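Comments concern the structure below.
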Amino acid sequence: MAFTFRFLENIALADIAFEAEGDSIEELFRGCTQALIETMADPRTVAASWEQRIIKMDAALDDLLVEWLSEIVYWKDAAGVVFREAPLRLTREDDGWKLEASLIGAAVDYAVQTLRNDVKGITRHLYSLGQEGALWKARVVMDV
């Protein structure tokens, strides 16, 4: 994989923050997605018995990332699931960006899954997304 992420200490009280970077904007989206998935549960303990296809479009990358991460939180709550993986593809369109992804996971099961945090939402507090040299970087704060 060509992305990294790390959780940030002392950024926001009662929240969890992370920074991610990738060698492309698509890899950055993958890194942010993985950080969110791992915040909620250990993906190695989640089966692949549930799937939801997602397509999102936006003219602005920073808005698209927040919308995408918020969509993951929405499906966690609406379907009562946690996620194993979320393969995605990000493409440039004439009027913006298009994200196509699949959320793959399973219904919450305390007996077999290692559950971590109940993420309530993605905030814009201290949020950033940008390119620094060859790397794309983002900082995200999640309300838990």
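Quick one: how many residues across region 86-123 are among the hydroxyl-bearing types (Ser, Thr, Tyr) and at pLDDT below 95? Show your work before the answer.
Filtering region 86-123 down to residues among the hydroxyl-bearing types (Ser, Thr, Tyr) leaves 91, 102, 110, 114, 123.
Filter once more, so that each one left must be at pLDDT below 95: 123.
Number satisfying all stated conditions: 1.
State yes or no: is SER70 polar (S, T, N, Q), touching an Asp or Glu at 6+ places or on another chain (Cβ under 7 Å) and either outside any loop (DSSP other than H, G, I, E, B) or over 15 Å from ARG30 (Cα atoms) (or both)?
Answer is no for this residue.
Of the conditions (1) at negative phi; (2) modelled with pLDDT under 95; (3) open to solvent by 10 Å² or more (accessible area, probe 1.4 Å), LEU126 clears all except one; give me its number.
The one condition LEU126 does not meet is (1).
How many residues are free of Cβ contacts under 8 Å to residues at least 60 places away in the same chain and either under 12 Å from the mean Cα position of the chain (by Cα) or in a strand (DSSP E or B) (or both) if we restrict to region 77-96? Don't jump to the end; show me each part of the working.
Keep residues of region 77-96 that are free of Cβ contacts under 8 Å to residues at least 60 places away in the same chain, which gives 77-87, 91-96.
Keeping just the survivors that are either under 12 Å from the mean Cα position of the chain (by Cα) or in a strand (DSSP E or B) (or both) gives 81-87, 91-93, 96.
Counting residues in region 77-96 that are free of Cβ contacts under 8 Å to residues at least 60 places away in the same chain and either under 12 Å from the mean Cα position of the chain (by Cα) or in a strand (DSSP E or B) (or both) gives 11.
Can you tell me which residue within region 57-67, out of those that are touching an Asp or Glu at 6+ places or on another chain (Cβ under 8 Å) and part of a helix (DSSP H, G or I), is least open to solvent (accessible area, probe 1.4 Å)?
Within region 57-67, the match that is least open to solvent (accessible area, probe 1.4 Å) is LEU64.
Looking at (1) surrounded by fewer than 21 Cβ atoms within 10 Å (Cβ to Cβ); (2) in contact (Cβ under 8 Å) with a residue 24 or more places away in the chain; (3) of a type in the set (A, V, I, L, M), which one does ALA111 not meet, given that it meets all the others?
Answer for ALA111: the failing condition is (2).
Can you name the residue in region 4-41 that is farther than 21 Å from TYR74 by Cβ, out of contact with any strand residue (DSSP E or B) (no Cβ under 6 Å at 6 or more places or on another chain) and among the acidic types (Asp, Glu) and is also most open to solvent (accessible area, probe 1.4 Å) among such residues?
In this case the residue turns out to be GLU9.
Return the residues of region 90-108 that are surrounded by fewer than 13 Cβ atoms within 10 Å (Cβ to Cβ) and among the charged types (D, E, K, R); say none if nothing qualifies.
Listed by number, the residues that qualify are ARG92, GLU93, ASP94, ASP95.
The rows are residues; the columns are (1) among the β-branched types (Val, Ile, Thr); (2) part of a strand (DSSP E or B).
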| site | (1), (2) |
| --- | --- |
| GLU21 | no, yes |
| GLU27 | no, no |
| GLY31 | no, no |
| GLU38 | no, no |
| ALA47 | no, no |
| GLN52 | no, yes |
| ILE55 | yes, yes |
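Would you check if SER70 is of a type in the set (Ser, Thr, Tyr) and farther than 19 Å from LYS137 by Cα?
Against the criterion (of a type in the set (Ser, Thr, Tyr) and farther than 19 Å from LYS137 by Cα), SER70 does not qualify.
The values are calculated or read from the model by the stated rules, or taken from the named source; none is laboratory data. Predicted model only: the values in this text are computed from it and were never measured. All Cβ positions, even for glycine, are placed from backbone atoms using ideal geometry, and neighbour counts span all protein chains on display. The protein model used for the area step is the full one, side chains on, heavy atoms only, and it has no ligands, DNA or RNA in it. Shrake-Rupley method; radii C 1.70, N 1.55, O 1.52, S 1.80 Å.
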